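Worksheet for the structure shown next.
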Amino acid sequence: MASSVLSIATQCVSPNASSLSINETHKGKAKLGGSTLRFSKSSGRISMTVAVNVSRFEGIPMAPPDPILGVSEAFRADTNDVKLNLGVGAYRTEELQPYVLNVVKKAENLMLERGDNKEYLPIEGLAAFNKATAELLLGADNPAIKEQRVATVQGLSGTGSLRLGAALIERYFPGSKVLISAPTWGNHKNIFNDARVPWSEYRYYDPRTVGLDFEGMIEDIKAAPEGTFVLLHGCAHNPTGIDPTPEQWEKIADVIQQKNHIPFFDVAYQGFASGSLDEDAASVRLFVARGMEVLVAQSYSKNLGLYAERIGAMNVISSSSESATRVKSQLKRLARPMYSNPPVHGARIVANVVGTPILFDEWKAEMEMMAGRIKNVRQKLYDSISSKDKSGKDWSFILKQIGMFSYTGLNKNQSDNMTNKWHVYMTKDGRISLAGLSLAKCEYLADAIIDSYHNVS
Ligand code: KET
């Protein structure tokens, strides 16, 4: 890198004499071409610094836009009225507006009435939140909770919790690998890369059947060296919207158990897949019921609409309360130098909603409403596409997929056409967020998909 500062020091005989004549009025600073000369004079020594307009950060290259959040930036920059943001997985109303849940507003009012303070939380987060979140995940009467085998630490939403889990792996399982589904949520690989945890992929999606490649998945998990961490999406797999059946989950658990692997669940959509919190946690609970040790990262971004509050948790379910205590102490140790302690606002909202029976019931109703709206647009999109497209292509995969997304099978060029020609913003892997779609826009989207699919290779 080019040096950006040039210093010249001139030794003078007398404090007032100088080989450079400095006019009192220009003392301190002068312009020379595009550069700035700075003078300072002390005890007979005049030093002159030339600050050249070359940044010290010259060697830092431009980062590419984020494949998901970068789509929202591009959407904001588009001035066309027909534009549609189906990039990020964020719930919108039928009017395509962001939605703050009523239970969240009620919980916030409760907090105001109580006049809660803004003291630091402990490193592990709000105790009432940690209790509520583990119970929501595992069921309040889960033996693992009763036996105090669950180490729960409040995290910076799903991402921060995954990052904490990755840091634990890096520190205490050096050399261990994480197996990640192909494809997966765009940020998983970044998280493990930055935590310096090696990863590889297991087969998951079969483009021929537009379904789960179950045989491939099992083979790849079997082939991984013993003690591998297997990253699993608890429900509503992102981006494919394809989940294993309960029977397939049992078989996945069999292989993971046989191979002494460690399951690492990412639970970002509890309640959003089926509309039921318990049903959506069934995969995690099945593994825990077998007595397996499990890592689980949770997020409240989607199911409580708390995207910007950054609230989630890292849970480690261990085989003994002693090891859970030790694991928790280490999670705290990892968190302290990273962000010290987590924010309180979202934690209080979750604790209030989950811990107040009336609010909890209301939350479930609101979640069903959100999941229901997504199901309605899913159906309408399918109806629109299948009535407009005369080519005979089978679009029924749209109905089979679950959760917030539809994995359309559109390739990068076709996805580019969706954006460039139709102003439909989506990720380049062909994923569209149905949570950002309204019934009114389904026909338009159907036209865009049909055009992109048939007219772009
Ligand atoms: N896991 C999965 C599978 C996931 O889809 C997301 C977010 C997260 C974790 C993390 O969310 P957090 O807000 O950190 O709790 N996914 C959406 C948003 C994003 O990419 O950040 C998305 O896929 O659009």
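The values are calculated or read from the model by the stated rules, or taken from the named source; none is laboratory data. None of these values were measured; they are calculated from a predicted model. Here the Cβ is made from the backbone with ideal geometry for all residues, glycine too, and neighbour counts use every protein chain on show. When the accessible area is computed, the model is the full protein with side chains, heavy atoms only, and any ligands, DNA or RNA have been set aside. Shrake-Rupley method; radii C 1.70, N 1.55, O 1.52, S 1.80 Å.
Restricting attention to region 120-355, close to 50% of DSSP beta bridges with both partner residues there are antiparallel. The mean accessible area for residues of region 120-355, using a 1.4 Å probe and ignoring ligands and nucleic acids, is 38 Å² per residue. Here's the picture: a label point sits 7 Å out from the Cα of E147 along the beta-carbon direction, and within region 275-303 the residues with their amide nitrogen under 13 Å of it are 288-294.
Label zone of T93 (point 7 Å out along Cα→Cβ, amide N under 19 Å): in region 271-310 this covers 302-308. The alpha carbons of region 120-355 occupy a box of 51, 38, 33 Å along the principal axes, longest dimension given first. Against the chain, whose longest principal axis is taken from its Cα atoms, helix 357-388 shows a tilt of about 80°. The distance separating the Cα centre of region 80-100 from that of region 303-365 comes to 28 Å. Within the straight-line cut-off of under 17 Å between alpha carbons, the aspartates and glutamates reachable from K146 are E135, E293, E322, sequence neighbours fewer than 8 places apart in one chain being disregarded.
Taking a point 7 Å from the Cα of E250 along the Cα-to-Cβ direction, the residues of region 285-306 with backbone N closer than 20 Å to it are 285-293.
The charge dipole of the chain, taken about its Cα centre with unit charges on the Cβ atoms of Lys, Arg (+1), Asp and Glu (-1) only, comes to about 1900 debye. The distance linking region 228-292 with region 125-141 is 19 Å (Cα centroid to Cα centroid, whole angstrom). Partner aspartates and glutamates whose Cα lies under 12 Å from the Cα of K222, excluding those fewer than 8 positions away in the same chain, are identified as D254. In the chain, helical runs assigned H by DSSP with n ≥ 4 each contribute -39500 (n - 2.57); averaged across all residues and rounded to the nearest 500, the mean residue ellipticity at 222 nm is -12500 deg cm²/dmol.
Overall, the accessible surface of region 120-355 at a probe of 1.4 angstrom is composed of carbon and sulfur to the extent of 51 percent. Reported value for region 230-294: 76 Å³ per residue, from the convex hull of its C-alpha atoms. Against the criterion of solvent-accessible heavy-atom surface with a 1.4 angstrom probe, W363, W199, W422, W249 sort, most first, into W199, W422, W249, W363. With the simple spin-label model, which puts each label point 7 Å out from Cα in the Cβ direction, the S176 to I60 separation comes to 3.4 nm. Prolate is the label for the chain, because a/c, from the alpha-carbon gyration tensor with a ≥ b ≥ c as root eigenvalues, is 1.5 or above and a/b exceeds b/c. Only beta bridges with both residues in the chain are counted; by DSSP, about 65 percent of them are antiparallel. Pairs exceeding a 27 Å alpha-carbon distance, out of K105/K302; K105/K380; K302/K388; K380/K428: K105/K380; K302/K388. What angle do you read, to the nearest 10 degrees and between 0 and 90, between the alpha-carbon axis of helix 345-355 and the longest principal axis of the chain? Result, in degrees: 20. Sorting D194, D206 on solvent-accessible area from highest to lowest, probe radius 1.4 Å, gives D194, D206. Using a probe of 1.4 Å, the accessible surface attributed to S391 totals some 70 Å² when neighbouring protein chains are kept in position.
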